[in-house]
Amino acid sequence: MASPVPVAEPAASLWSEVAVIPPGPATPLADDLRADVAIVGAGYTGLCAALHLLETGRSVVLLDAGPVGFGASGRNGGVVSAKFRASLSDILRRHGPDTARTMHRLGHEAVDQVARLVEVHAIPEAGFTLSGNLRCAHTRRALEALRAEMTVMREVFGDSGTEEMGADEVRAETGSADFAAGVLAHHAGLIRPLDYVRGLARAVRRAGGTICENSPVLRIETAGKGRRLIAPGGSVTAAQVILATNGYSDLTGATPGSRRAVVPFRSAMIATAPLPADLCPAVMTSGRSYSETRRMMRWFRPMEGRMIFGGRGALGRDNSAAAYDALHAAMLRLFPQLASVPVTHRWSGLVAMTLDSLPQAGRIDDATSFAIGYNGAGVAMASLIGQRLAGMVAGGRPDLGLIGPGPLRTIPFHGLRGPAVRVVAGWYQLLDRAGL
């Protein structure tokens, strides 16, 4: 029997300190259970799938290798966005207007899904606000790309929810003089991610679902037409299984296909102490999220008077002090006025990257569904795809555009992913430094 990989994350996040919703009962699997559906992973995807399955009268058991929210669902930046890592302009060019319109619609439905879940399941503690996202262009060339994307949004999709902001406006709102201009997308927001995932788990338990925390699935066996999931304390036999492990698919050997479908990449964040009274009114004045256009993208957002500043860290599972130091240095380049403000929290989570920069969802076999690969933009999309997975389990075939439903697409030569990603990341850093 394979041994589970330790799941404790070494760095405490700001979210764990400010959480309003307490952890649920950390009850591991300690019996042999039966259910209509077993779900591996109690993050946004698994919990949202469970909620919709419970509404249809199906019994559900979720198994998670750690406590609810220990992974990316509780450790991300809390940015709720309609975007994909692949731009809609690229999707339009490669796949045509019909597919691009479907992807545009799905992105907006995903943001609306978060708002609906927060309202229907009474999760005000999540602090969801539809405050917008400002893309900040670091060069004139980057600004032209943002303008081109905005033109596509308006002319192809009829979406007037974006507007350009000039350099002075961006400087006045962000507090940084580093940007050439920016484009504001109104259909985006902020959320407290750990409170959101704990609120979803609370709703699942209230609806009669079972969540077994600290219960890594070690292997999955065939059981008649269904499947039997084996964990250290027992098993779950179910007619249908949903795999919702995303960037944590290699914690055990139970999901080898999912592991080979993504490249885990560490997304790092730092949070400052509350800003001094003279700085607070002059930095991030509109209370929204902000992202820059460099290839090795940085982003920032306010949180109760603090700045959270994030970006891509390092390949693999391990935290890196050098990555945090680089992140802090990048923050000070954009905001030199924060030089005397201490950083109080440093944490990270794993992003699941795919070859085409898009999520994928579908069926592995008649008893197994999956969703994976949110590419760092999963708060909203995972909430929507969880719902659509519930529809697949019920026999439906939802229209997910380029996301699915389809077979699991693994990455060729997956064992070489580490060196390949390092080469690409280094090349991107050189291009960013050159302003290209």
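So if I check each of Thr245, Thr237, which one is β-branched (Val, Ile, Thr), buried (at least 21 other Cβ atoms within 10 Å of the Cβ) and on the phi < 0 side of the Ramachandran plot?
That would be Thr245, the only listed residue that is β-branched (Val, Ile, Thr), buried (at least 21 other Cβ atoms within 10 Å of the Cβ) and on the phi < 0 side of the Ramachandran plot.
Could you please give the count of residues in region 72-87 that are buried (at least 20 other Cβ atoms within 10 Å of the Cβ), under 15 Å from Ala185 (Cβ atoms) and out of contact with any His (no Cβ under 6 Å at 6 or more places or on another chain)?
5
Are any residues in region 208-222 among the aliphatic types (A, V, I, L, M) and either under 15 Å from Ala254 (Cβ atoms) or more than 22 Å from the chain's Cα centre (by Cα) (or both), and if so, which ones?
Val217, Leu218, Ile220
Yes or no: region 291-304 includes at least one residue that is among the polar types (S, T, N, Q), over 18 Å from the mean Cα position of the chain (by Cα) and buried (at least 20 other Cβ atoms within 10 Å of the Cβ).
Within region 291-304, one or more residues are among the polar types (S, T, N, Q), over 18 Å from the mean Cα position of the chain (by Cα) and buried (at least 20 other Cβ atoms within 10 Å of the Cβ).
Determine the pairs where a residue that is within 13 Å of Val80 (Cα to Cα), located within region 105-121, has a partner that is charged (D, E, K, R) and in a helix (DSSP H, G or I) with Cβ atoms under 7 Å apart, the partner being 6 or more residues away or on another chain.
If the second residue must be charged (D, E, K, R) and in a helix (DSSP H, G or I), no pairs are left.
Show me the helices (runs of 4 or more DSSP H) entirely contained within region 165-276 in which 2 or more residues are farther than 26 Å from Val18 by Cα, charged (D, E, K, R) and free of Cβ contacts under 8 Å to residues at least 40 places away in the same chain.
Values: elements: 167-174, 193-206, 256-261.
By residue number, 167-174.
Output the residue which, of all residues in region 367-383 that are surrounded by fewer than 24 Cβ atoms within 10 Å (Cβ to Cβ) and modelled with pLDDT of 95 or more, is farthest from Lys83 (Cα to Cα).
Ranking the candidates gives Ala367 first.
The values are calculated or read from the model by the stated rules, or taken from the named source; none is laboratory data. Predicted, not measured: the structure shown is a model, and the values here were computed from it. Here the Cβ is made from the backbone with ideal geometry for all residues, glycine too, and neighbour counts use every protein chain on show.
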